Amino acid sequence: MSFSPELPYLNLPSLNVLKTFAVVAQTLNLTHAASLLHITQGAVSRQITGLEATLGYPLFLRQARGLTLTPRGAQLLPPVQQALALMGEALKRVGSHPDTLRIKCPTCSMRWLLPRVIQLQNDRPDMQIELTASIAHGVDFSNEHFDAAVVFGRQPESQRRAHHLFDEVLTPVCTPDFLPRHEGKTEVADLADKTLLHPTRDRRDWLLWLREEGVQGLPSAKSQHFDTLDLAINSALQGYGVAIGDLTLIEDDLQAGRVIAPFPLCVASGASYTLLYPENPTPALKVAIDFLNEEARLSREKLSALLSTSHRLVSTG
């Protein structure tokens, strides 16, 4: 007695033919498609003709000005493209380094995260870590292929599989000689003719700090807006203005003297950076989690020491 499982994909056209269809449908030009596929134009034409014969209906209209998709061809194209993309992603994922950890993070956190990931890889050459920076501040492990993620925002309600790294603490930062000092102090009035560098379009970080300083509105009409905190800090490092910065994210720049935090007031915004990961972390991921947790603990200690000696903290969260 033989067993013949149902394998509906056995009757599908070959992968090469479907790939050729997708490329021709995108270019609507046999010559261009042949160049992209690295085969002859005749081979492309034969594959498309054979596919149409197998399906029993035309996919393209041949016209003097070129090709156009038939209604059935246009209907077939999106699912074929999606299937090819899913297959390509699966092959890439399976064929990658077996110990590769994929970590998603907001772009602003790269200043803190990247040097530490490089340090971990230097300490553990057997580990491969891929960082993916995103302007999005969340993660969906069911739909995104990441092993862990650093997310920014309010502390997640569920603490399961979540590790608090550090809080966002904001204060103006600039190069050491950018602002004048009066008897060792810098005043808000000194910002009046300076360019304020905003990490968001709504200017909320600057306005939050100024409100706690007792100032309503912006002290300067000069401003530049950026999509991320990292871009604003980089501009401050180049002497283009005064940015509002997170003390932990710029701790290396502060320690090296590349920037200073000239005002004593620091404001805890209520947002924080959290490390998230799904169920059942791999041994490699556990190593990374322990390492980042320890690095975050050291960063929190450095921030506490800074606040206790030369700055004062106000919490708005």
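The values are calculated or read from the model by the stated rules, or taken from the named source; none is laboratory data. Keep in mind it's a predicted model, so treat the numbers as computed, not measured. No Cβ is skipped: glycine too gets one built from the backbone with ideal geometry, and neighbour counts run over all protein chains shown. Keep in mind that these areas ignore ligands, DNA and RNA; they rest on the heavy atoms of the full protein, side chains included. Shrake-Rupley method; radii C 1.70, N 1.55, O 1.52, S 1.80 Å.
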Size of charge dipole - the chain - debye, nearest 20, with Cβ of Lys, Arg +1 and Asp, Glu -1, no other charges | 1060 debye
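In terms of solvent-accessible area of protein heavy atoms at a 1.4 angstrom probe, what is the ranking of Tyr240, Tyr277, highest value first?
Final ranking, largest accessible area leading: Tyr240, Tyr277.
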Whole-number percent relative contact order across the range 32-132, with pairs defined as alpha carbons under 8 Å at least 6 apart = 17 percent
Calculated from backbone phi, Karplus (6.51, -1.76, 1.60) coupling profile of the range 234-249 in Hz, x at Gly/Pro = 4, 5, 5, 4, 8, x, 8, x, 10, 9, 9, x, 8, 4, 6, 5
What trypsin sites (Lys or Arg not before Pro) does the range 51-89 have in DSSP loop regions with at most 15 other beta carbons within 10 Å?
-> Arg65
At a Cα cut-off below 24 Å, give the lysines reachable from Lys302, other chains included and same-chain residues fewer than 8 away excluded.
-> Lys185
Quick one: which residues, 5 or more positions from Ser272 or on another chain, have an amide H under 5 Å from its amide H? H modelled 1.01 Å from N in the peptide plane, none for Pro or chain starts.
-> Gly153, Arg154, Gln155, Glu168
For the range 169-317 the mean separation of alpha carbon contacts under 8 Å (6+ apart) over residue count, i.e. relative contact order in percent, is 32 percent
Find which of Ser45, Thr27, Trp112 sits farthest along the positive direction of the dipole of the chain, computed with +1 on the beta-carbon of Lys and Arg, -1 on that of Asp and Glu, about the Cα centre.
-> Ser45
Max mean-square fluctuation residue, GNM over the chain, Cα-Cα springs under 10 Å, options His164, His38, His145 | His38
In whole angstrom, how far apart do the alpha carbon centroids of the range 118-145 and the range 255-317 sit?
-> 18 Å
Residue-averaged [θ]222 nm for the chain, counting only DSSP H segments that reach four residues, each worth -39500 (n - 2.57) = -13000 deg cm²/dmol
Have a look at Pro278, Pro176, Pro13 and tell me which one the Gaussian network model of the chain (Cα, springs below 10 Å) gives the largest fluctuation.
-> Pro13
Treat every Asp and Glu Cβ in the range 197-290 as -1 and every Lys and Arg Cβ as +1, leave all other atoms uncharged, and give the resulting dipole magnitude about the Cα centre to the nearest 20 debye.
-> 320 debye
Starting from the Cα gyration tensor of the range 197-317, take the square roots of the eigenvalues, sort them a ≥ b ≥ c, and report rounded, prolate or oblate (rounded when a/c is under 1.5, otherwise prolate if a/b is larger than b/c, else oblate).
-> prolate
Ordering Met87, Met127, Met110 from largest to smallest accessible area (1.4 angstrom probe), what's the sequence?
-> Met87, Met110, Met127
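What percent do you get for the relative contact order of the chain when only Cα pairs under 8 Å and 6+ apart count?
Details: 460 pairs, mean separation 57.7, N = 317.
Averaging sequence separation for qualifying contacts and normalising by length gives 18 percent for the chain.
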Can you send over the solvent-accessible area of Lys19, 1.4 Å probe, protein chains only, in Å² to the nearest 10?
-> 90 Å²
